[in-house]
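Student: Here it is, the structure, as structure tokens.
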Amino acid sequence: MTRGGRHRAWTTREVAFLIDAAGRLPLRTICKRLGRSESAVESMASKLNRSGEHLTLKCWSSRLVWCNECATWRTGIDDKTGRCRVCTMREQLRGREDACSRELAIMTPEQRLVYERTEAQRRTRKALERPQKRGSCPMSRYERSKAEERYLIDLEEWEYRTLRLRYDAAKTRLRRMREKTGRNPRKGRPPSPSESRI
Ligand SMILES: [Zn+2]
């Protein structure tokens with residue numbers, strides 16, 4: 001009971017350290033740094049919570065990884081490209097859109113007119129709803145980290161799906177343009193009558 005015992009009073013600095021480290025460092029590390037037992041640290045945390053803190057000793061370890069390209073935390077990075085799936089999809093979309101502009105450039109004015117007229121008649125799809133950051137009520141660092149991670153995962157999914165829709169749309173646009181110009185490099189043959197119909 002003499003060394004690191006439960007009767008040793010907490011200093012202001014120790015309390016400040018606990019407030020700062022709770023939920024950020026594993027309990028084991030906190031105990032080691034303070035030279036106190038788990039039960040001593042736990043009882044101090046409850047005492048602080050009774051006086052208005054929101055400490056939890058559970059430590060949140062995120063599974064997200066950093067994507068250098070978009071400078072965001074993501075659920076995964078491709079080993080070969082070092083990119084997240086949002087960046088990969090964005091790159092693919094860029095490729096499709098470039099192909100669309102190239103195709104548009106080689107169209108005759110008549111083809112372009114017909115294409116633009118039919119394109120204008122098509123309805124655009126409704127945009128997907130962007131996830132919202134929520135919760136302003138007091139949360140412990142653990143809950144906050146967990147909520148932040150959830151939000152980042154939802155945001156990634158939303159960004160990916162939004163780009164994916166644009167990618168699919170560009171793909172369809174390209175196909176329709178190639179029907180007008182009679183070019184279809186993938187198939188390497190002239191379009192059949194059904195394909196060339198407007
Ligand atoms: Zn990225």
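The values are calculated or read from the model by the stated rules, or taken from the named source; none is laboratory data. The model shown is predicted, which means the values in this text are computed figures rather than measured ones. Neighbour counts are summed over all protein chains in view; Cβ atoms, including those assigned to glycine, are modelled from backbone coordinates with ideal geometry. In case anyone asks, the SASA skips ligands and DNA or RNA and just uses the protein heavy atoms, side chains included. Shrake-Rupley method; radii C 1.70, N 1.55, O 1.52, S 1.80 Å.
Student: How far is helix 85-106 tilted off the main Cα axis of the chain, in degrees rounded to 10, range 0 to 90?
Tutor: 20
Student: Once you have the alpha carbon radius of gyration of the stretch 1-59, what is it after dividing by 2.2 N^0.38 Å, with N set to its residue count?
Tutor: On the way: Rg = 10.6 Å, N = 59, 2.2 N^0.38 = 10.4 Å.
Relative to the 2.2 N^0.38 Å estimate, the stretch 1-59 comes out at 1.02.
Student: For TYR151, what charge total do you get from the other residues with a beta carbon under 12 Å from its beta carbon, if Lys and Arg give +1 and Asp and Glu give -1? Provide the component values of the computation, followed by the final result.
Tutor: Details: positive: ARG130, LYS133, ARG134, ARG144, LYS146, ARG150; negative: GLU148, GLU149, ASP154, GLU156, GLU157.
Residues close to TYR151 contribute a combined charge of +1.
Student: At a probe size of 1.4 Å, how large is the accessible area of VAL15, to the nearest 10 Å²?
Tutor: The accessible area comes out at roughly 30 Å².
Student: To continue, here is another question. Any idea what the alpha-carbon Rg over 2.2 N^0.38 Å comes to for the stretch 27-80? Each step should come with its number before you reach the end.
Tutor: On the way: Rg = 17.5 Å, N = 54, 2.2 N^0.38 = 10.0 Å.
Against the empirical 2.2 N^0.38 Å value, I get 1.74 for the stretch 27-80.
Student: Here is a follow-up. Averaging over every viewing direction, what projected area does the convex hull of the Cα atoms of the stretch 74-164 cover, in nm²?
Tutor: Values: hull surface 35.2 nm².
Computed as one quarter of the Cα hull surface, the answer is 8.8 nm².
Student: State the percentage of accessible surface on the chain attributable to carbon and sulfur atoms; use a 1.4 Å probe and exclude ligands, DNA and RNA.
Tutor: Values: 6940 of 14050 Å².
Answer for the chain is 49 percent, counting heavy atoms of protein chains only.
Student: I would also like to ask the following. By how many nm would the segment from GLU119 to LEU165 lengthen if fully extended, with 0.36 nm per residue of separation less the alpha-carbon distance?
Tutor: Details: separation 46, 0.36 × 46 = 16.56 nm, distance 1.65 nm.
Gain in length upon complete extension: 14.9 nm.
Student: In Å, what is the Rg of the alpha-carbon atoms in the chain, and how long is Dmax?
Tutor: In order Rg, Dmax, the Cα atoms of the chain give 28.7, 94 Å.
Student: Keeping all protein chains in place, calculate the accessible area per residue for the chain (probe 1.4 angstrom), answer in Å².
Tutor: Numbers: 14050 Å² over 198 residues.
So the chain comes to 71 Å² accessible per residue, rounded to a whole number.
Student: With a 4.7 Å Cβ cut-off, tell me which Cys residues in the chain come up empty for a partner.
Tutor: That list is CYS31, CYS59, CYS70, CYS87, CYS100, CYS137.
Student: Can you give the charge dipole size of the stretch 1-59 about its Cα centre, rounded to the nearest 20 debye, using +1 on the beta carbon of Lys and Arg and -1 on the beta carbon of Asp and Glu?
Tutor: Details: 12 positive and 5 negative charges, 42 e Å.
For the stretch 1-59, the charge dipole is close to 200 debye.
Student: How high is the relative contact order of the chain, in percent, with contacts defined as C-alpha pairs under 8 Å that are six or more residues apart?
Tutor: Numbers: 177 pairs, mean separation 42.0, N = 198.
After rounding, I find 21 percent.
Student: Heavy atoms of the protein only, probe of 1.4 Å, neighbouring chains included. What is the accessible area of THR88 in Å², nearest 10?
Tutor: My reading of the accessible area for THR88 is about 50 Å².
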